[in-house]
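See structure below.
Taken together, the values in this text are just the output of simple stated rules run on the coordinates, not laboratory data. On a predicted model such as this, the values are computed, not experimentally measured, just so you know. Positions of Cβ are backbone-derived with ideal geometry, glycine not excepted, and every protein chain shown enters the neighbour counts.
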Amino acid sequence: KSRDGVLEVTLDAAPGQVRIGGRNAATLGYNGGLPGPTLRVRAGDRVAVTLHNGLADPTNLHTHGLHVSPEGKSDNPFVMIEPGDSFDYEFRLPADHPPGLYWYHPHHHGVVAAQVFGGLYGAIVVEDPLPIPVTRERVLVVSDLTLNAEGSLARATVAERMHGREGELVLVNGQLNPAVDIRSGERERWRIVNACVSRYLRLRLDGQELRLLGLDSGRFGKPKKVDEVLLAPGNRADLLVTATEGVAALRAVPYDRGDDGMMGGSGGSSPSEVTLATVTVADAGSGGNANALAPIPRQATPPDLRGATVTARREFVFEMGMGGMMGGGGMGFTINGREFDGARVDTTVQGGSVEEWTLTNASRMDHPLHLHVWPMQVIERAGRAVDSVLWQDVINVPARSVVLVRIAFTGFTGKTVYHCHILDHEDNGMMGVIDVR
Ligand code: C2O
Ligand code: CU
Ligand code: CU
């Protein structure tokens, strides 16, 4: 928690032992566990993070979704911390930074999927200037991993690296199917991050009233009643749960994210249903809960970029093919025909401008596009205009479809990246470098 406008924290990335579902597991983690500590800050705060690398490979720290500088000791994806070394990050959140749930994870190209799968992730809360009236707030970090019989981390197969690895065990705050207790009539705020490497979470909590405050750093003016929420890897949901007596399961129900058209077209989707948590709502007896009844204040909504003057239009085509593989290069995961090269700049943008990007998915599998630092607004999906806009930093582009987004490149300049947030695809090259100046 930040104090007097400063958050100072040390994160130790290292292998460690944890208990998962009653067994010992040898995973990775920050400060000896998974997920890492939740960092709580406010707009305008200064943040100083010392990251120590106790891993066998290089690592670094990415503050996913934060609108902070991409340069120097800030959210710089090009920092490389060798095993045994430390790095002092230091940055400031702008005074008008949107409140919401963000997260942190490693970003050293080539080992991102393995390090996140291993257990390196944690939540960042940017507090609301005006608290939302609820009985309780919970941060739920959802992740997945696969353990071998002896409790060590399973290594991804070639097929899993193509499809995007999905773990056999789906964890909530590092636990298998934890029990959540609520009392009827209470209203809770659940802030959920999908920290899975590749798994989509189509979340349901049947029998309970769900209202969505927002997604990523975006807020609806008024919470929206929903039956389910789809979170691509990297997405977050800000959910109000109004409890009704009974037992309910927080479930991830099947979502078909397509296949890669290779290896017989198998895999790729999330075919099985998983129970993430068991929610027991007890009778509250007499006496109401004031917070459950208090109206939710109207939330600030972003400037609507549909009315903005667009200075540049670009297209980004996502493909996965055998080309690169056959050529002896990578696995053929490309944006505009090219695999990631950190020494190249793919996109140069004029600072302060608004751009419109056409995201074209030419493959048979969904790709969730993520841009660092500057959030995006979806304008059109599959040729149809959206009816409201939201700031989001991961936008799912379904298989064989086109999504139009607009981005305001304000606040900062510098070099950073955009990539598919199926982290295996990112490690395989589906990432580009953007220079805003
Ligand atoms: Cu959550 Cu570039 O990553
Ligand atoms: Cu990110
Ligand atoms: Cu992808």
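Note on Thr410 and Asp256: their simple-model spin labels are 4.2 nm apart, each label 7 Å out from Cα toward Cβ. Straightening the chain between Asn336 and Val317 buys 6.4 nm, computed as 0.36 nm per residue apart minus the Cα-Cα spacing.
Note on Asp304, Asp75, Asp259: ascending count of other Cβ atoms within 10 Å places them as Asp304, Asp259, Asp75, the fewest first. Among Ser272, Ser74, a tally of other beta-carbon atoms within 10 Å of each Cβ gives an order, fewest to most, of Ser272, Ser74.
Between Val345 and Ala48, the FRET efficiency estimated from the beta carbon spacing at R0 = 25 angstrom works out to 0.25.
Based on Cα contacts under 8 Å between residues 6+ apart, the chain shows a relative contact order of 15 percent. Only lysines eight or more places from Lys1 in sequence, or on another chain, were considered; those with a Cα closer than 25 Å are Lys73. Once you reduce the stretch 73-139 and the stretch 1-60 to the center of their Cα atoms, the two points are 9 Å from each other. Using the beta-carbon distance between Arg92 and Arg306 and R0 = 30 Å, what value does 1/(1 + (r/R0)^6) give for FRET efficiency, to the nearest 0.05? Approximately 0.45, to the nearest 0.05. Of all DSSP bridge pairs formed entirely within the chain, close to 75 percent run antiparallel.
The residue among Val417, Leu369, Val389 whose Cα reaches farthest toward the positive pole of the charge dipole of the stretch 305-436, with charges on the beta-carbon of Lys, Arg, Asp and Glu, is Val389. Across the stretch 108-129, the residues whose backbone nitrogen lies under 13 Å from the label position 7 Å along the beta-carbon direction of Glu137 are 124-129.
Once the Cα-Cα distance is subtracted from the 0.36 nm per residue extended length, the Thr358 to Asp4 segment shows a gain of 123.2 nm. Taken about its Cα centre, the chain carries a charge dipole of roughly 840 debye when the Cβ of each Lys and Arg holds +1 and the Cβ of each Asp and Glu holds -1. The H on the amide N of His62, modeled in the peptide plane, is under 5 Å from the matching H of His105, His107, each at least 5 residues off or on a different chain.
Peptide packing for 247-256, 116-125 was compared via the average number of neighbouring C-beta atoms within 10 Å per residue; ordered from the highest value, the list is 116-125, 247-256.
Ellipticity at 222 nm from helices only: DSSP H runs of n ≥ 4 in the chain, each -39500 (n - 2.57), divided by the residue count, give -1000 deg cm²/dmol. Computed from the C-beta positions of Ala179 and Lys222 and an R0 of 25 Å, the FRET efficiency is 0.20 to the nearest 0.05. Projecting the Cα atoms of Gly332, Ser401, Val310 onto the charge dipole of the stretch 305-436 (Cβ charges, centred on the Cα centre) puts Val310 farthest toward the positive pole.
Among Lys415, Lys73, Lys1, the order by Cβ neighbours within 10 angstrom, fewest to most, reads Lys1, Lys73, Lys415. Working from label points 7 Å from Cα in the Cα-to-Cβ sense, the Glu380 to Arg155 distance is 4.7 nm.
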